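J.: Structure in structure tokens, see below.
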Amino acid sequence: MPRAIDKPTALPPGGIIDPSIGDIAKIFAAPDDPADWPGWREDLSAWRREAKARLAYSGDAYDDKATSWASAAYAVAQVWLWDERLFDHERQEFTVDAFLESIADQGGLDGIVLWHAYPVIGIDDRNQFDYYRDVPGLEGVIDRLHARGLRVFVDYNPWDIGTRRALRSDADELASLVSELSIDGVFLDTMKEGDAPLIRALRVATPPQVLEGESRVPNQRIEDHQLSWAQWFADSEAPGVMRAHWYERRHMMHSTRRWNRDHSSELQSAWMNGTGMLVWDTVFGVWVGWNERDKATLRRMLRVQRQFSDLLIHGDWSPLEGATAAAIEAGIYVSRWSHAGATLWTIVNRSEIDWTGDPFANVPVAGTRRFDITTGAADIRSVTVPARGVTGVLQLEPGTPELSGLAALMAAAAADPGSADTRFPRRQAVRIAHQPGKVTTLPAAAIVLEPGARTLEVTFRRRETGFYQGAPYVEEWKPLPPRLHDQRSEQLSIAIDRPVAVALREVSVADFRNFLTRTGYRPSVDNRFLSGTEGAPNDAPVTGISLADARAYAAWAGARLPTEFEWQLAAEQPGFERSTPAVWNWTESEHSDGVTRFVMLKGGSDHRTTGSDWYTDGGVQDPSFSLKFLLPGLGIERSSSIGFRLAWDA
């Protein structure tokens, strides 16, 4: 259920409300009785006048031509930098064009947040800025996104206080980073607003940055935060008004509820407010794909919003005006946006069945033309509003010339068949088979596991990454501790098909150096390569090793990596050793659902990053514990806290 802060706020008569409530409200609820709507609209205007006067609002940031693009950034995607649509893990290269083609049915993007560090940050001492700066070729990725017309955001994690500290403040580091990478905006993770030093540093950066907070930016900060998330916003039955956007029409908001499989509520709120959507189909490695109906609705919306952004931003907006009583009774709601003889009617259908009819209370004068700009039908007398969907009607008064781009918009709308399919587009994470090297002589220092079926208790900390399959939360309002970051366990049925020998200890620095000397092995990507061997004792576990590096060593040694289950079974036997310092172990457990790759790490490490629950797990762990580690690429997966040991098919 929505929390109290998520629910819409009732605006008292006259628009007089305590600023501690009104200045942070998510949505001002529409009254239940349509007879109260005209007075409600007057109250909304009175509230806005008072709030702007009280706060001495100027709106100067929105007049800046360098950042005014943000007011029409209707669709922004949140994308893990190593999403398999954006990064080819086999070829170890970014695939910008393939990514944009794969999501074209969402209606196209205006911006993209390149999510980078969370949820793997904390595995070692690298900070959030390292996770951008260490990526080879990232500047080229951003250049290609810019060439395709997208604005690019980086994200800032204020909770990152436990990793290595940079010489400069976070504000100065971030300002330097956005200039180095030619970034357009900064997403403020977990924040409603940035502090004064951060705002100052980013506004004078080159280029000047737009700031987007994660939730309900207060009126005081709309002055310098040009975007915000409308995250976990509950609406009234008759669509209400988003407070921040009503306060400043140029302030863009992006609706989202990350665990939803039905996005119709967010889509309808955005449509009736002239605001945008956050397209987030993979939440920190968990697939939460959009159904075909909601993608069709989003396409409908975006075509219209982009074409008529000036009307939506600068026209006369009258919420909940123009519908017949019969339409309202059927769950059909209408709002009006007008300027210079052109009116855009935004219409939503709250019911579960399609509705067809004339929703408009006023009969148009002779010569008025009406176009259904969401289906491409001209000279209409009625419309069909899909179940839980939206429709847009453009009305041109007599003598008003046809608007630029209308013909192309109508043609694109007519060519889009739409969809009523609400099925969840399921994905299955499957284990990626790896061919091991040819087995030679088994070592004496190994634990042999006999074949057979077993039931294992596997433990983990519940994070937004989920575990093997599925989302940790479905159709749920904001999960909070103790249901987030709690310790969980699952009983898994596994089978050992043949005798398996697992090494007693990890591969050492000396072992790996010998491999390099004898083979001349060099990885395909060598940044951070063998960082864990620099000055390390010969008997220490080798680190700075990617999964591919570990597999290469294992193949040379006539072995393979143990699966996470083999590792756990061996670790529970007498004689199993952990080298010093303790490090996480790679296992042969690479999985993919076609969007996210992950590997289960075992063992834990002496390194533990403290200061925030958002860091990944550290410390030496019980053998039952598994860490779902989302797999970066280009060497970023190498860590001073991850080593490996071998296994043999006996």
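J.: How many of the residues making up the range 20-53 are touching a Lys or Arg at 6+ places or on another chain (Cβ under 7 Å) and open to solvent by 20 Å² or more (accessible area, probe 1.4 Å)? It would help to see each step written out before you state the result.
T.: Just the residues of the range 20-53 that are touching a Lys or Arg at 6+ places or on another chain (Cβ under 7 Å), to begin with: 24-28.
Applying the additional criterion that residues be open to solvent by 20 Å² or more (accessible area, probe 1.4 Å) yields 24.
Total satisfying the criteria: 1.
J.: Sticking with this one: What's the total number of residues in the range 433-484 that are within 23 Å of the chain's Cα centre (by Cα), closer than 28 Å to Glu572 by Cα and without any contact (Cβ under 8 Å) to a residue 60 or more places away in the chain?
T.: The number of residues fulfilling the criteria is 2.
J.: Output the residues belonging to the range 366-390 that are under 11 Å from Thr356 (Cα atoms) and open to solvent by less than 30 Å² (accessible area, probe 1.4 Å). Can you show your working first?
T.: So in the range 366-390, the residues under 11 Å from Thr356 (Cα atoms) come out as 381-387.
Within the range 366-390, Val383, Val385, Ala387 meet the criteria.
J.: Condition first: within 30 Å of Leu484 (Cβ to Cβ), open to solvent by 20 Å² or more (accessible area, probe 1.4 Å) and among the basic types (Lys, Arg). Now tell me which residues in the range 235-261 satisfy that.
T.: Listed by number, the residues that qualify are Arg257, Arg261.
J.: While we're looking at this one, here's another question. Of the residues Pro632, Pro623, only one is closer than 28 Å to Arg85 by Cα and either touching a helix residue (DSSP H, G or I) at 6+ places or on another chain (Cβ under 9 Å) or modelled with pLDDT under 95 (or both); which? Reasoning before the result, please.
T.: Working: Pro623 fails: closer than 28 Å to Arg85 by Cα.
Of Pro632, Pro623, the one residue that is closer than 28 Å to Arg85 by Cα and either touching a helix residue (DSSP H, G or I) at 6+ places or on another chain (Cβ under 9 Å) or modelled with pLDDT under 95 (or both) is Pro632.
J.: Within the range 591-637, which residues are part of a strand (DSSP E or B), within 20 Å of the chain's Cα centre (by Cα) and of a type in the set (S, T, N, Q)? Reasoning before the result, please.
T.: So in the range 591-637, the residues part of a strand (DSSP E or B) come out as 591-592, 597-602, 604-605, 619-620, 625-630.
Narrowing the set further to residues that are within 20 Å of the chain's Cα centre (by Cα) leaves 592, 597-598, 628-630.
Ser592, the sole residue that qualifies.
J.: So in the range 244-264, with the set limited to residues that are without any contact (Cβ under 8 Å) to a residue 60 or more places away in the chain and assigned to a loop (DSSP other than H, G, I, E, B), which one is farthest from Gln78 (Cα to Cα)?
T.: His263
J.: Test of understanding: among Ala548, Ala552, which residue is small (Gly, Ala, Ser), open to solvent by 20 Å² or more (accessible area, probe 1.4 Å), within 30 Å of Ala471 (Cβ to Cβ) and outside any loop (DSSP other than H, G, I, E, B)? Spell out the reasoning first.
T.: Numbers: Ala552 fails: within 30 Å of Ala471 (Cβ to Cβ).
The match here is Ala548.
J.: Hey, among the residues in the range 555-574 that are more than 11 Å from Val502 (Cα to Cα) and outside any helix (DSSP H, G or I), which one's least open to solvent (accessible area, probe 1.4 Å)?
T.: Step by step, filter the range 555-574, then rank; the result is Gly558.
J.: In addition: Only one of Asp294, Asp354, Asp316 is in contact with a His (Cβ under 8 Å, 6 or more places away or on another chain), over 24 Å from Gly108 (Cα atoms) and among the acidic types (Asp, Glu). Can you tell me which? Let's see the steps before the verdict.
T.: Working: Asp294 fails: over 24 Å from Gly108 (Cα atoms); Asp354 fails: in contact with a His (Cβ under 8 Å, 6 or more places away or on another chain).
Exactly one of Asp294, Asp354, Asp316 is in contact with a His (Cβ under 8 Å, 6 or more places away or on another chain), over 24 Å from Gly108 (Cα atoms) and among the acidic types (Asp, Glu), namely Asp316.
For every residue, the table says whether it meets (1) under 28 Å from Glu292 (Cα atoms); (2) in a helix (DSSP H, G or I); (3) in contact with a helix residue (DSSP H, G or I) (Cβ under 8 Å, 6 or more places away or on another chain).
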| position | (1), (2), (3) |
| --- | --- |
| Lys65 | no, no, no |
| Arg85 | yes, no, yes |
| Gly108 | yes, no, yes |
| Val113 | yes, no, no |
| Tyr118 | no, no, no |
| Ile123 | no, no, no |
| Ile142 | no, yes, yes |
| Leu145 | yes, yes, yes |
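J.: Filter the range 1-19 for residues that are surrounded by fewer than 14 Cβ atoms within 10 Å (Cβ to Cβ) and without any contact (Cβ under 8 Å) to a residue 60 or more places away in the chain and give the result.
T.: In the first step, residues of the range 1-19 are kept if they are surrounded by fewer than 14 Cβ atoms within 10 Å (Cβ to Cβ); the result is 1, 3-4, 12-14, 16, 18.
Within the range 1-19, Ala4, Pro12, Pro13, Gly14, Ile16, Asp18 meet the criteria.
J.: Quickly run through the range 337-365 and pick out the residues that are exposed (fewer than 15 other Cβ atoms within 10 Å of the Cβ) and charged (D, E, K, R).
T.: Answer for the range 337-365, where residues must be exposed (fewer than 15 other Cβ atoms within 10 Å of the Cβ) and charged (D, E, K, R): Glu352, Asp354, Asp358.
The values are calculated or read from the model by the stated rules, or taken from the named source; none is laboratory data. Remember, predicted model here, so these are calculated numbers, not experimental data. Reconstructed Cβ throughout: ideal geometry from the backbone, glycine too, with neighbour counts over all protein chains shown. Areas reflect the complete protein model, heavy atoms only, side chains present, ligands, DNA and RNA absent. Shrake-Rupley method; radii C 1.70, N 1.55, O 1.52, S 1.80 Å.
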